[in-house]
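One structure is given below, encoded as structure tokens.
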Amino acid sequence: MNFGITEEQELIRRTAAGVAERLLAPRAAARDLAGTFPVEELRELATLGLLGVAVPEALGGAGAGAIAYSLAMQELAKADASVAVAVSVTNMVAELIAKVGSPAQQQRFVPALVSGKAVCGAFALSEPQAGSDPVAMTTQAVRHGDRWRLTGNKAWITSGDRAGVLVVWAKSSPPGPDAGAKGITAFLVEGGAPGLSVGRLEQKMGLHGSSTASLVLDGVEVGDDAVLAGVGGGFRLAMMALDGGRIGIASQAIGIARGALEGAVRYAKDRTQFGVPIIQHQAVGNMLADCATWLDAATLLTLRAAHKKELGQPFTREASMAKLFATEHAGKICDLALQVHGGYGYTHDFPVERAYRDVRVTRIYEGTSEIQRIVIARELLKQ
Ligand code: CAA
């Protein structure tokens, strides 16, 4: 067992930390208040290879693997979780196409995603009535001559209104008994395609610099060359992508929590009450000790999942454990970090207030904590 990271991984981490500190952190509070989407920031992150950290170099990515990706995501999320989620979904989409796309699909979509030309990617799986249970989706892909027409509504799509490349899932089975998971196909759709429009943009509790859109597909026409990894193979593909995505969200939660904890430690050293810095009061010290321990445990679980992914071993269970533990504990860490700040923590004067709001959704998107427990329990059943 080796707990060290390689020079290349450290270089990516340092690159992400540098740009996070220079470009993201100074404007994170303003972005949160104004709800500004980080177009320029994504462009700059692309130039540093951060939109395709684990994407092969041949397709324009950094080719640095899942551990480097997790480390980079942690650094970006520490500075601005809104930017981090757009980066996370873009990496997930680019990696998926690089892994299972045809050579033509790879060439057409992956360099556009990782270079920032497409601005970002989107993962259009969920629907108003099909969140935790994507097999219940009702978006249809119907054959018209030698083309497909996609019709339906997607919901909760991160960057759905901004993305130049979207993976859209739809039921492609012919009329008759529902084929369930096997009747779902993934299609590659370009932002602005005729028939694709943005419905409402959600007003959210946090992540104000990230957009969350519903999408209307009204006969969006695509050819067979838009089908990703075969007709009927879409559900497996979504699950496979989400295994990797969950490492990204665990990393995002770790980054947000690390920022909150570092802020709390700083504050607890500075703030004096009853004649001593409050960190010397056992009640406060205990809170910080618990937070630091949870954070390290979350980091180890997440890097273990990333390590198994890099080795090409199954990592479904490990990714779900990492997401479950990291996001649940990141929520607790942000809550306690805010408590340490007392009344100041409840104001915009300290970033912990934003962290508390931003971290909440990590327990929901890319599979709720309850779904992660289902995945882990099913994996235990297989043993
Ligand atoms: N890898 C590969 N294949 C997998 C898989 C995985 N991790 N998990 C399941 N499959 C395969 C199964 O083997 C099965 O294939 P066969 O029929 O050939 O055996 C098929 O997929 C169906 O699997 P299940 O029967 O297990 O499917 P299910 O309907 O019972 O659902 C579930 C399982 C784990 C609960 C799944 O529905 C799930 O993960 N739900 C949560 C969805 C989710 O995370 N949504 C997030 C939306 S995206 C998002 O949030 C992005 C964003 O913008 C931030």
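The values are calculated or read from the model by the stated rules, or taken from the named source; none is laboratory data. Note that the coordinates shown come from a computational prediction; the quantities given were computed from them, not determined experimentally. When we count neighbours, we look across all protein chains shown, and the Cβ atoms used for this are built from the backbone with ideal geometry, even at glycine. Accessible surface is based on the protein model in full, side chains and every heavy atom, while ligands, DNA and RNA are left aside. Shrake-Rupley method; radii C 1.70, N 1.55, O 1.52, S 1.80 Å.
The figures follow:
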read-out	value
Every residue from region 357-370 that is away from the ligand (no atom under 12 Å from the Cβ) and crowded, with 24+ Cβ neighbours inside 10 Å	358, 359
Residue within region 161-172 that is closer than 23 Å to residue 129 by Cβ, more than 13 Å from the ligand (Cβ to nearest atom) and within 22 Å of the chain's Cα centre (by Cα) present	yes
Any pair with Cβ under 6 angstrom, 6 or more apart, that starts in region 31-57 at a residue that is free of Cβ contacts under 8 Å to residues at least 60 places away in the same chain and ends at one that is part of a loop (DSSP other than H, G, I, E, B)	53/62; 53/64; 55/61; 56/63; 57/63
Any chance residue 41 is within 16 Å of the ligand (Cβ to nearest atom), within 17 Å of the chain's Cα centre (by Cα) and among the charged types (D, E, K, R)	no
Those helices (runs of 4 or more DSSP H) lying entirely in region 290-383 with at least 3 residues under 23 Å from residue 89 (Cβ atoms) and hydroxyl-bearing (Ser, Thr, Tyr)	316-340
Cross-chain or 6+ apart pairs with Cβ under 6 Å, region 269-283 first and exposed (fewer than 14 other Cβ atoms within 10 Å of the Cβ), then not small (Gly, Ala, Ser)	269/277; 269/279
Meets criteria (buried (at least 24 other Cβ atoms within 10 Å of the Cβ), in contact with a strand residue (DSSP E or B) (Cβ under 6 Å, 6 or more places away or on another chain) and in contact (Cβ under 8 Å) with a residue 40 or more places away in the chain) for residue 87	no
Selected residue (criterion: farthest from residue 314 (Cα to Cα)) from residues of region 364-381 that are touching a Lys or Arg at 6+ places or on another chain (Cβ under 6 Å) and acidic (Asp, Glu)	366
Region 350-383: number of residues that are among the polar types (S, T, N, Q) and in contact with a Leu (Cβ under 9 Å, 6 or more places away or on another chain)	2
Residue in region 335-346 that is open to solvent by 50 Å² or more (accessible area, probe 1.4 Å), closer than 23 Å to residue 84 by Cα and either without any contact (Cβ under 8 Å) to a residue 40 or more places away in the chain or away from the ligand (no atom under 16 Å from the Cβ) (or both) present	yes
Check on residue 251, assigned to a strand (DSSP E or B), among the hydroxyl-bearing types (Ser, Thr, Tyr) and either within 16 Å of the ligand (Cβ to nearest atom) or surrounded by fewer than 23 Cβ atoms within 10 Å (Cβ to Cβ) (or both)	no
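One line per residue, one yes/no per condition, for (1) within 16 Å of the ligand (Cβ to nearest atom); (2) within 17 Å of residue 157 (Cβ to Cβ):
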residue: 78; (1), (2): no, no
residue: 96; (1), (2): yes, yes
residue: 100; (1), (2): yes, no
residue: 106; (1), (2): no, no
